[in-house]
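Down below is the structure, laid out as structure tokens.
Please treat every number below as a calculation from the coordinates, not as lab data. These numbers come from a predicted model, not from an experiment. Here the Cβ positions follow ideal geometry from the backbone for every residue, glycine too, while neighbour counts run over all protein chains shown.
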């Protein structure tokens, strides 16, 4: 249930982000997308801090594509099918944030070498028909990149060494982690199953504004936009700095 989980900041999907949010005003990045067993910890529990070089070594793709450095509304033809390639938080923030290590309750799994980065990854398509209808098929999933110190690997797996135990690491609930041991370090990744949602609404274009009217409930929400070639950029909708879409084949 995407809308219920992300109601404080932004709701999915993209133009369904619009129709489902109703009153979202914060410009913070959205909370994490949780797996049913809570594998991805709540990023709000981790104080903001500078991402260090060690963190970057385990940071997954931001799932955000290329965000514009500047924007001038220009309007343009929006009819067609568009693929979401970037959601851009205000202030140049990243969708990747330090979060709680899955084994942080073990003394051996705290300190240097035990980092975790959580990322919200948005995807999907929106079709804007010539008759004013919009069909949106969007998805949100969470990705976690985890660093394990040698002591942590041994403590979790009981292996004789980190090299021996790295690839057998799982979450606390027994889900297999995708792990590699190289250059003396164990690095793992995990992705939740996507949460998906499809909605059909109606939209209007007025000058350089695109306005979406929910077909069931909610308020009219929109933003200024510009189509350049095969790229559609929308600015300032429900707290996001930009949404970037590309025309689908």
- [ ] Calculate, for residue 164 and residue 81, the FRET efficiency according to 1/(1 + (r/R0)^6) with r their C-beta to C-beta distance and R0 45 Å; round to the nearest 0.05.
- [x] 0.35
Task: Computed lengthening from residue 200 to residue 246, 0.36 nm per intervening residue step minus Cα-Cα distance - done: 14.6 nm
Open item on the list: Over the range 61-166, what is the relative contact order in percent, taking alpha-carbon pairs closer than 8 angstrom and at least six residues apart?
Closed with: 26
Open item on the list: Can you compute the modelled spin-label distance between residue 69 and residue 100, with each label point 7 Å from Cα toward Cβ, in nm?
Closed with: 4.0
- [ ] Could you pull out which residues in the range 187-203 have an amide N less than 12 Å from a spot 7 Å beyond the Cα of residue 129, following the Cα-Cβ vector?
- [x] 200-203
Task: FRET efficiency estimate (nearest 0.05) - Cβ-Cβ, residue 183 to residue 112, R0 22 angstrom - done: 0.90
Task: Mean Cβ neighbour count within 10 Å, used as a protection proxy, ranking 236-247, 152-163 highest first - done: 236-247, 152-163
TODO: Return a whole-number percent for the relative contact order of the range 135-249, with Cα pairs under 8 Å and 6 or more residues apart as the contact set.
DONE: 20
